[in-house]
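A short worksheet on the structure shown next.
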Amino acid sequence: TAFHLQQDVPVPKPNQGEALVRVLLAGICATDLEIVKGYKAGFHGILGHEFVGTVVSANGDSSGAFPTGTRVVGEINICCSRVDCRACQSGDLVLKRNHCENRKVLGIFNHNQGAFSEYLTLPLENLHVVPDKISSRIAAFTEPFAAACRIIEQNLIQPGDKVAVIGDGRLGLLIALVFCLTCEENNLTLIGKHEEKMNILESNQIKKIVLDDDTKIASDSFDIVIVATGNIVVLYIFVYPLDDDTKIASDSFDIVIVATASIRGVEMATKIVRPLGKIIEKTTCSPAGSNGCGYIDVLNDIVVKEIMMIGSRCGPFATALTLMKEHYDDVERVLSKMISSSYPLKDIDQAIADASQKGTIKVQIQMAAFTNE
């Protein structure tokens, strides 16, 4: 999918029940990078769904809640609200938010006016006011932060559960951060390949296990073998090649959260979760990363160990903003370290290239309206 900067895009006009928002900052997400590579075949329009902006104008009954100049973030799922839509008429706010069959998704699906632009429109019901305490750079993380909060909203983690997060990318770090802010127990293990990324999280609530590319297979006395070579993680059952203090025993976690876009993350999860445990899948998997993965072994483990596998998608913005506000010092300290670089919109091509590099966590795009805080 080719992309380019277009200078003459007209300012969109909000319909009834919508607001015109001037974008301040937008974050580049892995989904944006996949769309550029052709993930959403036939996508044509403006990318971007992580943003913070200010209201220019609002039309509708609730427009008074969003006076001109109000800083807002926006939920990305645009529901149809039709009388014949089962999700929208169910009375279940989560079903409507995440599963409207006719939904549009900002800058991703059936929607061509995303956040990599000076202006966008969204329904008023999608907007949330940003508390004054939260800077715009941090507010731009609200969408992925809310996705991390979805696990809490689903009430999947109980007191005393031993939890592992596989993946030290943007979402994995945010899930671990949300866990630290909402759970008192020191029962979280973060598993990844980049020690410098995991060290952004300074909490002593987190045990960190680094998968080393140069790690050799140890003796048969261990439980699981994980050999990491380049971008590929291959699982060999029964040995984990780290020292005795940091090995991962099979069946050792009550809940395993997969935050890496590879079926291999699921494969690993089925090995380290206990029988009757839960696997929470937070990302869709890339077909490119599935070569050599034992799909049959994954399915067999799910059946034999009676594992409950649960999907988890978009989350509650209100909860995310409240959590960010209440723990702002901790949140700001972590999220500010996750910002690898920022670019003006005119340098979008360089921003995309930078965001695609290994080791990059979050790249933000600054619009003309943004001023450093």
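Quick notes on this structure:
- Coil-residue trypsin sites (Lys or Arg not before Pro) of region 1-72, DSSP, other Cβ within 10 Å capped at 12: 37
- Qualifying trypsin sites (Lys or Arg not before Pro) for region 326-359 [loop in DSSP, other Cβ within 10 Å: at most 13]: 358
- Projected onto their three principal axes, the Cα atoms of region 53-200 cover extents of 47, 35, 27 Å, largest first.
- Share of carbon and sulfur in the accessible heavy-atom surface of region 292-373 [1.4 Å probe, %]: 52
- Sparse packing (at most 16 other Cβ atoms within 10 Å of the Cβ) combined with a DSSP loop state is found for the following GluC sites (Glu not before Pro) in region 301-349: 306.
- Sequentially through region 102-114, phi angles give Karplus couplings (6.51, -1.76, 1.60; θ = phi - 60°) of 10, 5, 10, 10, 3, x, 10, 9, 6, 8, 10, 10, x Hz, Gly and Pro residues having no value and appearing as x.
- Here region 66-128 exposes an accessible surface that is 49 percent carbon and sulfur, computed with a 1.4 Å probe and the other protein chains kept in place.
- Accessible area per residue in Å² at 1.4 Å probe, computed on region 67-145: 43
- Phi-based couplings in Hz for region 316-324 (Karplus 6.51, -1.76, 1.60; Gly and Pro marked x): x, 5, 4, 4, 4, 5, 5, 5, 5
- Global form of region 296-373, assessed from the alpha-carbon gyration tensor, a/c cut-off 1.5: oblate
- Taking the Cα centre of region 26-166 as origin and assigning +1 to Lys and Arg Cβ atoms and -1 to Asp and Glu Cβ atoms, the resulting dipole is close to 160 debye.
- Signed unit charges on C-beta, dipole axis of region 1-132, positive-most listed residue 46, 26, 116: 46
- Nearest-0.05 FRET efficiency for residue 341 and residue 93, computed from C-beta distance (R0 51 Å): 0.90
- Rounded if a/c under 1.5, otherwise prolate or oblate - region 1-95, Cα gyration tensor axes: oblate
- Once you reduce region 156-215 and region 252-267 to the center of their Cα atoms, the two points are 12 Å from each other.
- Each Lys or Arg adds one and each Asp or Glu subtracts one; over the other residues with Cβ under 10 Å from the Cβ of residue 189, this totals +3.
The values are calculated or read from the model by the stated rules, or taken from the named source; none is laboratory data. Bear in mind that the values here come from a model prediction, so they are computed numbers and not experimental data. Positions of Cβ are backbone-derived with ideal geometry, glycine not excepted, and every protein chain shown enters the neighbour counts. All accessible areas refer to the heavy atoms of the entire protein, side chains included, with ligands and DNA or RNA removed. Shrake-Rupley method; radii C 1.70, N 1.55, O 1.52, S 1.80 Å.
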